[in-house]
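The values are calculated or read from the model by the stated rules, or taken from the named source; none is laboratory data. Since this is a predicted model, take the numbers as computed values, not measurements. Backbone-built Cβ (ideal geometry, glycine too); neighbour counts: all protein chains shown. Just so you know, the surface numbers come from the protein's heavy atoms only, side chains and all, with ligands and any DNA or RNA stripped out. Shrake-Rupley method; radii C 1.70, N 1.55, O 1.52, S 1.80 Å.
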Amino acid sequence: MTDYLKCEQIPYSALAAEYGTPLYVYSQQEITAALNQYQQAFASLQPLICYAVKANSNLSILRHFARLGCGFDIVSGGELQRVIMAGGDTGKTIFSGVGKSSAEIEFALNNNIRCFNVESLPELERINTIADRLGKIAPISLRINPDVNAHTHPYISTGLKANKFGIAYHDVIKAYQLAATLPHLKITGIDCHIGSQLTDLSPLIEALERMLLLVDKLAEHNIELEHIDLGGGVGIVYQNENVPDLAAYATAVARLLSKRNLQLMLEPGRSLIGNAGGLLTTVEYIKQGEEKNFVIVDAAMNDLMRPSLYQAYHGILNVSSTTANEFVADVVGPICETGDFLAKDRTIAATAGDLLLIQNAGAYAFSMASNYNTRCRAAEVLVNGTEHHLIRQRENLPELLANEQNCLKAI
Ligand SMILES: Cc1ncc(COP(=O)(O)O)c(C=O)c1O
C-alpha cells in the first residue's frame, strides 16, 4: 500500500471504517516536525513560540503543543479556557485581538497570562481599570500596524492602514506614553501581525525594521521594552506556492536583533498544523450537469470554509483503490449554496462510495467549522505511528438541538 493511502502507519480506509466520514485526521509526528523546524531555525534566538490557537484549537492538539514547551497566542476567553483545560502554561500565553471584552480581560488577569497584545487606546484604559479593581498589574505590549503589504488574500491581510488591526504607526509613541501613565499597566513589549499565509519574507522583515525604529524612539522617551513579537508564521504549500525558508527568516531576524536585549516571540499557527491534517470524505454521488460534472461528497463548506471564503486551493486524493477514469469536476458538498465547493474544475478519478482526502486541512478547517444546514460537526482523530485516538467525538443531533429544545417550551 503506498504511503499516501496512510496517515503515518494507519490506512485512511481503516480510520474511515472506524470513525465514519467526514473525518479530520491529524499526524502527531508531522506537528512535532513542524515545530522542530521553527525551534531549529531560530535556536540561536531562543524564542518563545506561542502556537496560535485559532488555527486548530482541539484540546488534545493544545496539550501536545504544551508538552513540547509551547506558549499560546489566544484571541478569546474561550481559547484561554481551552489552554487551561489542555494543561498549557498561562504564563506563556499572550492575548491578541481587537475586541477583548471586560469579562475576558478579567479572566486573563486572574489567570496571570504573559501579556495582552493591546490594539487600541480604549483597550489600554479598560485593562488598566480592570487591573486596578483586581489589585493587579497587567503586562502589556502594543500591537502596531506597520502599514506593510503582506501580499496575501485581502481577508487575511492585517497590517495595512485600512485594516482594523493594531495601533496606527504614527500614533504608537503617544500610545506608549499614555500606557506609561496608567499605574496598573506594565509595558513589556511590542508586536505586530501583518497577515497569514505569507509567501514572501520581505514584508515580515520590513515590519520588523519598522518596529525596531519604534523601539529606538521609545528608548529615547525612556520606555524600554523586554520583548518583540513578530506575529504569525510563514505560509505553507497548498498547491505550488514558494514558501519562505525558515532558516533565511531566522537569519534575517537574528541580524536585526543582534546587540539588542529583546526576547523574541513568534505566534505561528498555520505552519505548525496546516500540512499535518486532512479531511476524509466519502463520495455520495457523481452527477453530470449540463455544463459541468460534480463529485458530491459528504463534507461541505461548513467543514472546510477556506475554498468558499478565500477561493483557497486544497489538493484532493482518492485514497480508495478506485477503478474510475479521470474526469474534470467540481467537488461539492450537500449544502444548499452555490458557494459550497471544495474544489473547482479539478481532474479527478472518483466513483460513488470512494474515499477522498482533502489535503492540508489541519489549520483553519475544523476551527472555522459551523453547523450550517443543521449539520453536525465532524469527528477528529490524532494519529501517532501505529496508534490513533479520537480527539473529538462527532456531534449528534440531540446535542445540537438541545439549547433550542430547552427554550421551545417558552413559546
Ligand atoms: C494575531 C495573530 N497571531 C497569529 C496568527 C497566526 O497566523 P498564521 O496561522 O499565519 O501563523 C494570526 C492569524 O491570522 C493572528 O491573527
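A compact table of results
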{"read-out": "In the stretch 262-307, residue least open to solvent (accessible area, probe 1.4 Å) [restricted to those that are outside any strand (DSSP E or B) and without any contact (Cβ under 8 Å) to a residue 12 or more places away in the chain]", "value": "289"}
{"read-out": "Residue within the stretch 167-182 that is at pLDDT 95 or above and outside any helix (DSSP H, G or I) present", "value": "yes"}
{"read-out": "Residue 76 being within 15 Å of the ligand (Cβ to nearest atom), open to solvent by 20 Å² or more (accessible area, probe 1.4 Å) and at pLDDT 95 or above", "value": "yes"}
{"read-out": "Long-range neighbours under 9 Å by Cβ, at least six apart or interchain, first residue without any contact (Cβ under 8 Å) to a residue 24 or more places away in the chain within the stretch 59-71, second open to solvent by less than 20 Å² (accessible area, probe 1.4 Å) and among the aromatic types (Phe, Trp, Tyr)", "value": "66/51; 66/72"}
{"read-out": "Meets criteria (among the polar types (S, T, N, Q), more than 16 Å from the ligand (Cβ to nearest atom) and at pLDDT below 95) for residue 321", "value": "yes"}
{"read-out": "Qualifying position, being open to solvent by 30 Å² or more (accessible area, probe 1.4 Å) and either free of Cβ contacts under 8 Å to residues at least 12 places away in the same chain or under 23 Å from the mean Cα position of the chain (by Cα) (or both), among 197, 239", "value": "239"}
{"read-out": "Candidates 186, 161, filtered to the one that is open to solvent by 10 Å² or more (accessible area, probe 1.4 Å), assigned to a loop (DSSP other than H, G, I, E, B), more than 14 Å from the ligand (Cβ to nearest atom) and touching a residue at least 12 places away in the same chain (Cβ under 8 Å)", "value": "161"}
{"read-out": "Boolean, residue 82 is open to solvent by 50 Å² or more (accessible area, probe 1.4 Å), within 16 Å of the ligand (Cβ to nearest atom) and touching a helix residue (DSSP H, G or I) at 6+ places or on another chain (Cβ under 9 Å)", "value": "yes"}
